[in-house]
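This report refers to the structure that appears directly beneath it.
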Amino acid sequence: MLHKLKDLIGYKLLGLDGEIGKVKEFYFDDRHWTVRYLVVDTGNWLSERAVLISPYALDRVIKQSQDLAVNLTKKQIEESPSLDSEKPVSKHFEESYYDYYGWPTYWASSYMWGVYPNIMREPELWKKNHHDESPWDPNLRSTHYVKGHRIEALDGEIGHIDDFIIDDETWAIQYLVVDTRNWWPGKKVLISSKWIEEVSWDESKVFLNLTRARIKQSAEFNENSLSPRNDELGMSPPV
């Protein structure tokens, strides 16, 4: 199912033995554009450190009650590797974090989730050997930071990032929601992450391999159905 990340902020995370906290923001990688961690506001519990929850620990999104079911206990989270809330997520932290929980690392190979294209939830397969591994270095970005970055088509700017739409099966960012108020007043468009040609993080800009006219023809955002108007760009619209 598709969700706007903006809507998930504030959702309660329900662990196996009680509430953990609420969703504060998300970290995603800039290679696969996939959410790697939910950042949790724990209130007065573990307030001295940042608490990150991997999608590996998420059982389901419960939209009706605005909850996220987490298959971890508070004790597991409390004893997990500690991350200073003032420091970025380092490779050392991620290695310790994944080793602690025993999950397969997502950076171990070229697929979205390491040696698998999706989140592998069968523990008996986690230690399976694979021979065509191509490890890479994650470069995580905060959705809070990236929101507002400008979007450039081949022939000019179209707007800025307003939100992100994810698939809760893979936690991949399927679309960026782009506010086009200075180009196409009163409209928003959906931009597939597959249309991104390049990102300049220093300039806070995302470059697309499409023209303004092509985007305007095919990707008007429908707030109610989370879908583009049609499929003229050759991508299956979300349903």
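Here are some notes:
- D (Stokes-Einstein, µm²/s), Kirkwood Cα radius, region 147-218, 1.567 mPa s at 4 °C: 106
- Legend: calculated FRET efficiency, ASP99 to LYS75, from the Cβ-Cβ distance at R0 = 22 Å, rounded to 0.05, equals 0.80.
- In summary, the aspartates and glutamates within cross-link reach of LYS188, defined as a Cα separation below 19 angstrom excluding same-chain residues under 8 places away, comprise ASP7, GLU152, ASP155, GLU157, ASP162, ASP163, ASP179, GLU220, GLU223, ASP231, GLU232.
- Rounded tilt (10° steps) of 91-101 against the dominant C-alpha axis of the chain: 60
- In range of the label at HIS144: residues from region 1-26 whose backbone nitrogen is under 17 Å from the point 7 Å along Cα→Cβ: 5-13, 21-26
- Whole-Å semi-axes of region 2-125's equivalent ellipsoid (Cα gyration tensor): 21, 18, 15
- Per-pair calculated FRET efficiency, R0 = 45 Å: LYS24 and ASP155 via Cβ, rounded to 0.05: 0.75
- Residue exposure proxy: GLU220, GLU169, ordered by other Cβ atoms within 10 angstrom of their Cβ from fewest to most, comes out as GLU169, GLU220.
- Full extension of the chain between VAL61 and GLN217 yields a length gain of 52.9 nm, computed as 0.36 nm times the residue separation minus the alpha carbon distance.
We did not get these values from a lab; they are worked out from the coordinates using the rules stated. No experiment lies behind these values; they were computed from the predicted model shown. Glycine gets a Cβ as well: all are built from the backbone with ideal geometry, and neighbour counts include every protein chain shown.
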